[in-house]
1. Defining a contact as two alpha carbons under 8 Å apart and six or more residues distant in sequence, what relative contact order in percent does region 1-148 show?
2. Taking a label point 7 Å from the Cα of Lys121 along the Cα→Cβ vector, which residues of region 1-31 have an amide N closer than 15 Å to it?
3. Determine, for region 77-173, the count of lysine pairs separated by eight or more sequence positions (or lying on different chains) whose alpha-carbon distance falls under 20 Å.
4. What is the distance in Å between the Cα centroid of region 14-84 and that of region 93-136?
5. Using the Karplus curve 6.51 cos²θ - 1.76 cosθ + 1.60 with θ = phi - 60°, work out ³J(HN,Hα) for each residue of region 15-29 in order, rounded to whole Hz, and write x for Gly and Pro.
6. So who's got an amide H within less than 5 Å of the one on Val21, skipping anything under 5 residues away but keeping other chains? H placed 1.01 Å off N, in plane.
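The numbers here are math on the coordinates, done by the rules we state, and not lab data. This one's a predicted model, so the numbers in the text were calculated from it and none came from an experiment. No Cβ is skipped: glycine too gets one built from the backbone with ideal geometry, and neighbour counts run over all protein chains shown.
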Amino acid sequence: MTIRNILTEPNKLLRQISQKVDKVGKDEQKLMDDMLETMYSANGIGLAAIQIGVPKRIIVMDLSKEKEKKPMFFVNPEINNKNKIHSVYEEGCLSVPNQFAEIERPSTCEVKYLDYNGNEKILKAEGLLATCIQHEMDHLEGVLFIDYLSKLKKSIIIKKLSKQKDKIDRIVV
Ligand code: GNR
Ligand code: NI
């Protein structure tokens, strides 16, 4: 397994629409392994493939708080039965480092997807699980949580991130 570099906003790749996977084969499983290791090393609870620059409809998540890991894999996920009742969570994103905002989303939903072995599954999600899967699904469409904020709040965050990036680039060079 390999820890990969996580892309951060502003980066055009993050705006790309990810493509459906034909078949869950060895390459896809290797990608999921790398994504999981990358997510754990960054202390995230979810990661979409495009965040490491791969435009495939693949998501990994692990919401367990205990030491025991409980990885979840979603290939070609589709969301159905979004609840009309919405809930608000403070969201962050590994591609929008150190920025947080309250985002409103349907409080429950159902996800149809292929698992790590390519078997079709349906999951009923609520609470943080529902929020996180919707956040990850947005990545597959090139959408970030900051897109739900006012133009002003969003532009302030993007300005901050651009400055952070300049600094890092200067250190690296
Ligand atoms: O680590 C993450 N935490 C988080 C918290 C609230 C709502 C969504 C998330 S997902 C995020 C990791 C990430 O960027 N996934 O795309
Ligand atoms: Ni994210």
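1. 25 percent
2. From region 1-31, the list is 24, 29.
3. Number of lysine pairs found: 15.
4. 10 Å
5. Values per residue, Gly and Pro as x: 9, 6, 8, 7, 9, 4, 8, 6, 7, 7, x, 4, 4, 5, 5 Hz.
6. Arg57, Asn76
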